[in-house]
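Have a look at the structure below, then the notes.
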Amino acid sequence: MNVFVLNCGSSSLKFQLISSDLEIIERDEDKQLAAGLIERVGSQSLINFRIDGKSSFKSAVPLRDHRAALNYVIQWLSSPETDIPGIKGIEDIHAVGHRVVHGGEAFVRAVKIDNEVIAGIEDCIELAPLHNPANLKGIHAAREVFGPTIPQVAIFDTAFHATMPETSYLYAIPYQIYRRYKIRKYGFHGTSHRYIAFRYGKLTGTPRENTNIITLHLGNGCSACAIKADKSIDTSMGFTPLEGLMMGTRCGDIDPTVIEYLSHKEGSSIDEVFSILNKRSGLLGISGLTNDLRDLEIEANEHQDRRAILAMDMFCGKVKKYIGAYLAGMNGADAICFSAGIGENAPDIRAKICSNMDFFGILLDEELNQQAVGGREMCISSPESRIKVYVIPTNEELVLARDTIRVVLNAPRYA
Ligand code: ADP
């Protein structure tokens, strides 16, 4: 089966074409046929398509909307010059999987898209006003471009966290307010945390029901997840992705009173304050330089920039705190797994996070830690470490493709 996986942002379209089926999933031999990104949809769009992981086609063309962008991708995939084995036209694509950020309380697993599901995703717009409308644009575009016969599946970022107990997902506000408005912790990055837990099981031979780990998705957005018996029991992002760890541009946990106070002091609207907390805070806000960790490391190492160092120290401190909280909540864990841009590529950050944690029995092997970069999947703790530490590169698109196949074929376990 060739599955087209789509991840739409408000002005971007990210895709992968993956060849797989149920047996191939079992053997872990899914094949990525093509991948790509279109940025600035709606104006002069920037195109970057890849085959076999290598850049294969770059261009800049005006694309008016997501539908035009999708048509452009399909044309490229079908063109004889692109020459993807088994792909001659749109008829060689058998299913489409969509990443949808917010599924609210209604969607706790991936589902086949029909009008009712679309209405349900629309209902969640008020919970994710930045993300769900963009995801819906992708769904509408794909329905038009692929037609009614090709099945489409929605996979929700929030779904994996649907197993959290009330004690984790409720905020300590009047219970009626939760009931009335569904104000609660939902959690995000669910496909990523689920994939990391799956790979951990494969790597260590741990049966799903015995999984007892903390996963750390540290990219531009960052979140931690406590996973017991293969289920999310707590996670750091909340009602929105703003809560929890310090991130590239988001502040993470903060006293909500600051919002009213800042709005009053600066004479700014609530929207403006949220824009500061979402877009101008985190690593960028503290360093005053950038949200990109690579550049902060350069500033810290080459110029001893005080605020770059401070930003990274705060970042690591926050992750440490969540690890501590989850170890307490879980009565210990077997492993901590680092993933995403920072987690997979920044050994010094991993070392700082894991430093002075021998109290918990966490001991890194510094040599292994330095080796674990550029997509390597490996254990980086020393043999004496009571809690093992792993680097596990995430692959959200693969989960989207696999869930799509399972839903389309009515196969079990796509929760
Ligand atoms: P997103 O959440 O946008 O998917 P990524 O998972 O790609 O983000 O992570 C982006 C972050 O990872 C950035 O802060 C970037 O600086 C960092 N990063 C990527 N590669 C490296 C590297 N080689 N060394 C240090 N940090 C890196």
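Read the figures in this text as sums done on the coordinates, not as results from a lab. This is a predicted model, so every value here is computed, not measured. Neighbour counts are summed over all protein chains in view; Cβ atoms, including those assigned to glycine, are modelled from backbone coordinates with ideal geometry.
Dividing the mean sequence gap of close Cα pairs (under 8 Å, 6+ apart) by how many residues the chain holds gives a relative contact order of 14 percent. In order along the range 229-244, the phi-based Karplus estimate (6.51 cos²θ - 1.76 cosθ + 1.60, θ = phi - 60°) of 3J(HN,Hα) comes to 6, 6, 10, 5, 10, 6, 8, 7, 6, x, 4, 9, x, 6, 6, x Hz; Gly and Pro are listed as x. A simple packing score, the average count of other Cβ atoms within 10 Å per residue, orders the peptides 371-380, 283-292 as 283-292, 371-380, with the highest score first. For the range 319-336, 3J(HN,Hα) computed residue by residue from phi via the Karplus equation (6.51, -1.76, 1.60; θ = phi - 60°) reads 5, 3, 4, 5, 4, x, 5, 6, 4, 5, x, 9, 6, x, 9, 7, 7, 10 Hz, glycine and proline entered as x. Averaging the Cα positions of each part gives two centres, and for the range 234-268 and the range 331-384 these lie 28 Å apart. Once C-alpha pairs closer than 8 Å and six or more residues apart are averaged by separation and normalised to the residue number of the range 1-133, the relative contact order reads 21 percent.
For a quick protection proxy, order the peptides 184-196, 67-79, 220-232 by their average other-Cβ count within 10 Å, most packed first.
184-196, 220-232, 67-79
Tell me whether the range 73-186 comes out rounded, prolate or oblate; compute the Cα gyration tensor, take square roots of the eigenvalues as a ≥ b ≥ c, and use a/c under 1.5 as the rounded threshold. Cα axes put the range 73-186 in the prolate bin. Annotation: the chain has a Kirkwood hydrodynamic radius of 22.4 angstrom, from the mean reciprocal C-alpha pair distance. If you take all C-alpha pairs in the range 146-196, what percent of them are over 19 Å apart? Of all Cα-Cα pairs in the range 146-196, 45 percent lie more than 19 Å apart.
Tell me, what is the percent relative contact order of the range 232-390, built from C-alpha pairs under 8 Å that lie six or more residues apart? Mind showing how you got there, number by number?
Working: 215 pairs, mean separation 24.5, N = 159.
With pairs under 8 Å counted, the relative contact order is 15 percent.
Annotation: amide H-H contacts under 5 Å for Asp65 (H modelled 1.01 Å from N, sequence separation of 5 or more, or interchain): Gly42.
Residues whose amide H comes within less than 5 Å of that of Ser236, counting only those at least five positions distant or on another chain, are Ala224 (H built at 1.01 Å from N in the peptide plane). Here's the picture: a label point sits 7 Å out from the Cα of Glu297 along the beta-carbon direction, and within the range 365-390 the residues with their amide nitrogen under 16 Å of it are 366-377.
For the range 2-156, the ratio of Cα radius of gyration to the globular rule of thumb 2.2 N^0.38 Å stands at 1.03.
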